[in-house]
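Taking it in order: structure first as C-alpha cells, then the write-up.
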Amino acid sequence: MHALDRLFEKSSRSLAQRTSRRSFVAVLGQILTGSILLPLLPIDRVSRAQAASPDSAQARPPHQAASDDPQNCEYWKYCAIDGYLCSCCGGSSHSCPPGTAMSPITWIGTCHNPSDRRDYMVSYNDCCGKTSCGNCECNRNEREKPIYRLSRNNDVNWCMANSDSNYHCSVSVILGLADQ
Ligand code: ABN
C-alpha cells in the first residue's frame with residue numbers, strides 16, 4: 001500500500017476513535033444552522049444603494065446643492081427638460097453620449113441660474129441613434145407652452161429629423177443670456 005493511503009487510513013481511524021457519531025451529528029447540525037442563519041444577519045447596504053443611484057441626493061458631494069448637480073433633475077439648466085438626462089447615460093449635461101448624434105432641431109427654454117441670479121436661454125436637444133437610455137428620467141415644464149407652439153414644447157421626439165430617429169437621452173445647451 002502506498003504511504004499516502006496508509007497516512008489517510010491512519011488519520012481516519014484516529015478521527016473515528018476520537019469522535020462519537022452523536023458529536024459528529026451535533027457539529028454538522030451547528031454548521032447547517034449557521035449557514036442558514038448567516039444571510040439573515042443585518043448588513044449595512046447603504047453604500048451599495050448609493051453606488052446604484054448616482055443621481056441620488058446622498059451620492060452628491062456634501063456641499064453641492066441639487067440645483068448644481070448635472071445628474072439631478074433639479075439642476076437649474078433642466079427647468080424645461082423632458083426625457084432621460086444624458087449626464088446619467090455616458091454623456092454630460094450638454095454633450096451626447098458616444099455613439100449618438102445630437103438633434104439639429106430642438107425646443108428652447110429660459111432658466112434662472114441661482115448662482116449668478118441671471119436668466120439664460122437654453123436649448124434642449126435630443127441625442128439620437130440608440131434606444132432609450134432609461135436612466136434619470138426628468139420632466140420639468142417651467143414656461144412650457146401647449147403643443148401648438150412646437151418650439152416651446154418639450155413633449156416631442158426631436159430626433160425626427162435625424163437619419164436614425166431612435167431617441168436616447170436629452171441635453172441642455174446654454175445659448176446665451178436671456179436678459180440682454
Ligand atoms: N424630447 C424628449 C422626448 C423624446 C421622445 C418622446 C417625448 C419626449
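The values are calculated or read from the model by the stated rules, or taken from the named source; none is laboratory data. Every value quoted in this text rests on a predicted model; they were computed, and no experiment measured them. Here the Cβ is made from the backbone with ideal geometry for all residues, glycine too, and neighbour counts use every protein chain on show. Note: areas computed on protein heavy atoms with side chains; ligands, DNA, RNA excluded. Shrake-Rupley method; radii C 1.70, N 1.55, O 1.52, S 1.80 Å.
With region 1-76 as the region, which helices (runs of 4 or more DSSP H) entirely inside it contain at least 3 residues that are modelled with pLDDT under 70, open to solvent by less than 100 Å² (accessible area, probe 1.4 Å) and out of contact with any Gly (no Cβ under 7 Å at 6 or more places or on another chain)? Steps first, please.
Numbers: elements: 3-18, 21-37, 46-52.
So the answer is 46-52.
Restricting attention to region 98-115, which residues are within 15 Å of the ligand (Cβ to nearest atom), under 18 Å from residue 132 (Cα atoms) and either modelled with pLDDT of 95 or more or among the small types (Gly, Ala, Ser) (or both)?
Taking region 98-115 first, the residues within 15 Å of the ligand (Cβ to nearest atom) are 100-109.
Still in the list and also under 18 Å from residue 132 (Cα atoms): 100-103, 106.
Result: 100, 101, 102, 103.
Kindly list, by first and then second residue, each pair from a residue in region 159-174 that is assigned to a helix (DSSP H, G or I) to a residue that is within 12 Å of the ligand (Cβ to nearest atom) and of a type in the set (A, V, I, L, M), limited to pairs with Cβ atoms under 8 Å and residues at least 6 apart or on different chains.
160/105; 161/105
Quick check on this structure: which one of 68, 155 is more than 25 Å from residue 179 (Cβ to Cβ) and of a type in the set (Asp, Glu)? Explain how you work it out, then say what you get.
Numbers: 68 fails: more than 25 Å from residue 179 (Cβ to Cβ).
Going through 68, 155 in turn, the sole match is 155.
Being modelled with pLDDT of 90 or more and not aromatic (Phe, Trp, Tyr) is the filter; apply it to region 153-162 and report the residue that is nearest to the ligand (Cβ to nearest atom).
The first filter runs over region 153-162 and keeps only residues modelled with pLDDT of 90 or more, leaving 157-162.
When the remaining residues are screened for being not aromatic (Phe, Trp, Tyr), the result is 157, 159-162.
On the way: 157: 4, 159: 7, 160: 9, 161: 12, 162: 12 Å.
Checked region 153-162; the qualifying residue nearest to the ligand (Cβ to nearest atom) is 157.
Residue by residue, here is whether (1) within 15 Å of the ligand (Cβ to nearest atom); (2) closer than 13 Å to residue 79 by Cβ; (3) of a type outside the set (D, E, K, R); (4) open to solvent by 70 Å² or more (accessible area, probe 1.4 Å) holds:
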| residue | (1), (2), (3), (4) |
| --- | --- |
| 131 | yes, no, yes, yes |
| 140 | yes, yes, no, no |
| 151 | yes, no, yes, no |
| 164 | yes, no, no, no |
| 172 | yes, yes, yes, no |
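Give the residues of region 100-112 that are surrounded by fewer than 17 Cβ atoms within 10 Å (Cβ to Cβ) and part of a loop (DSSP other than H, G, I, E, B), sorted by residue number.
Selection gives 104, 105.
Let me spell it out: the conditions are (1) farther than 15 Å from residue 178 by Cβ; (2) of a type in the set (A, V, I, L, M); (3) at pLDDT 90 or above, and residue 121 meets all of them except one. Which number is the exception?
Every listed condition holds for residue 121 apart from (1).
When region 113-129 is examined, which residues are found to be within 22 Å of residue 75 (Cβ to Cβ) and part of a loop (DSSP other than H, G, I, E, B)?
114, 115, 116, 117
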